[in-house]
Structure formats: C-alpha cells, structure tokens
1. Looking at the stretch 50-70, which of its residues are under 28 Å from A133 (Cα atoms) and at pLDDT 95 or above?
2. Just give me the residues in the stretch 132-143 being under 16 Å from the mean Cα position of the chain (by Cα) and surrounded by fewer than 14 Cβ atoms within 10 Å (Cβ to Cβ), in sequence order.
3. Sort out which residues of the stretch 1-42 are surrounded by 10 or more Cβ atoms within 10 Å (Cβ to Cβ) and under 17 Å from the mean Cα position of the chain (by Cα), and write them in order of number.
4. Give the number of residues within the stretch 43-94 that are of a type in the set (F, W, Y) and buried (at least 17 other Cβ atoms within 10 Å of the Cβ).
5. Any idea which of L148, L112, L120 is of a type outside the set (S, T, Y), surrounded by 15 or more Cβ atoms within 10 Å (Cβ to Cβ) and closer than 17 Å to W50 by Cβ?
6. Could you say which residue among D162, D134 is over 18 Å from V69 (Cβ atoms), among the acidic types (D, E) and modelled with pLDDT under 95?
Amino acid sequence: MGLSGTLLAVSAFAELTSALDLGSGKVPQALNRKMSLASGTGAGKADRVWSDRRTLAASASEDLDLAGVLTDAFGSAITFARIKGLIVAAADANTNNVVVGAASGSPWATLLGATHTLTLRPGAFVAVGTGVADAVGYAVTATSADLLKIANSAGSTSVTYDIHIIGASA
C-alpha cells in the first residue's frame, strides 16, 4: 500500500509596528517550514499514517501503542518503526489541558524522553516533523519503547483531542 501527498506544514507571521515622529515603522517576521514525504521507508519517505479524534473522561489517560495495535483507515494494524511527523491538537471547547508524553511502562521516549510531558491548553496544538533529510525520524521499539501517553489534566470534565501520526514501517 502506497502513501502519497504526505505534507506537514507550519507557518507563523507577525508584524511589529511602532508610531514614529514622521510616520510609522513596521518589521514583518515570518517562519515557514514544510516537509513533503514520498512513499517508502528511507530518508524523506513514509508509508504509514494514523489519525483520530479522541475523547478522554475526567482524569483519564490512554497509552497509544505505536507498534501493532493502532489500525489504519482500512482496519489494518499499523506498526511504526519510525515517526516522521506528529500533530496533536486540543479542542477549543476543552476545560482541562491535554498532556502528551511520559507513559508509565514502555514509553516512546525518542521525542520527549521517558518522563517529560507537553501540556496543551484548550485550543493549543503541537506539530513535530523530522525533515526530509532525516532517515531515522523518532525511533519506535516494539514492546519496549512504543507507548505514547495522552492524559486529561484534571478531574472536572472530559477532553477531546485530534492526533495525526505519519511514519515508516522500517
């Protein structure tokens, strides 16, 4: 099965302005990054993708098994050996935060380390891409380093988040 049209893009633009005696000054600032991946498993390639909208009850968490448990859009089990792109987005309507990382057993640690987390406040998102020259990506080791934990930060309400993972099987 081939994968096509794989693109991860992030763009930020801001313009700083200031009133001056005889006019105004403007300084535009921009940062744009994109990663296009071909079908395959080497540098600049990916052959697996998984995405979902998920809801966690108050104080709940889940460990997403990146090697052999998630299923693609066709119902086939996915085994990621390398993650090339990851996007996690907390819903705007959340009251609590979405916490990413630090699975208690077999953590996928090549992105955040074994004990670190990233907190996404309501409406926040994170996008991570490896770049097309990187053949390694973020390694996944089945059974010993393959769990991505997602947690609800509090016990008051549920949280919803969207997740999109692009990777390679080898």
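The values are calculated or read from the model by the stated rules, or taken from the named source; none is laboratory data. As the structure is a prediction and not an experimental result, all values here were calculated from the model. Because the Cβ atoms are built from the backbone with ideal geometry, glycine has one as well, and the counts that use them run over all protein chains shown.
1. W50, S51, D52, L64, D65, L66, A67, L70, listed by residue number.
2. None - no residue of the stretch 132-143 is under 16 Å from the mean Cα position of the chain (by Cα) and surrounded by fewer than 14 Cβ atoms within 10 Å (Cβ to Cβ), so the list stays empty.
3. Correct list: T6, L7, L8, A9, V10, R33, K34, M35, S36, L37.
4. Restricting attention to the stretch 43-94, the residues satisfying the condition of being of a type in the set (F, W, Y) are 50, 74, 80.
Keeping just the survivors that are buried (at least 17 other Cβ atoms within 10 Å of the Cβ) gives 50, 80.
The number of residues fulfilling the criteria is 2.
5. Going through L148, L112, L120 in turn, just one is of a type outside the set (S, T, Y), surrounded by 15 or more Cβ atoms within 10 Å (Cβ to Cβ) and closer than 17 Å to W50 by Cβ: L148.
6. It is D134.
Residues checked against (1) of a type outside the set (D, E, K, R); (2) over 20 Å from G5 (Cα atoms); (3) out of contact with any Phe, Trp or Tyr (no Cβ under 9 Å at 6 or more places or on another chain):
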site: L31; (1), (2), (3): yes, yes, no
site: S51; (1), (2), (3): yes, no, yes
site: L66; (1), (2), (3): yes, yes, no
site: I78; (1), (2), (3): yes, no, no
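Residue-wise test of (1) within 30 Å of A73 (Cα to Cα); (2) at pLDDT 90 or above.
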site	(1), (2)
M1	yes, no
S4	yes, no
L7	yes, no
A12	no, yes
S18	no, yes
L22	no, yes
V27	no, yes
A30	no, yes
R33	yes, yes
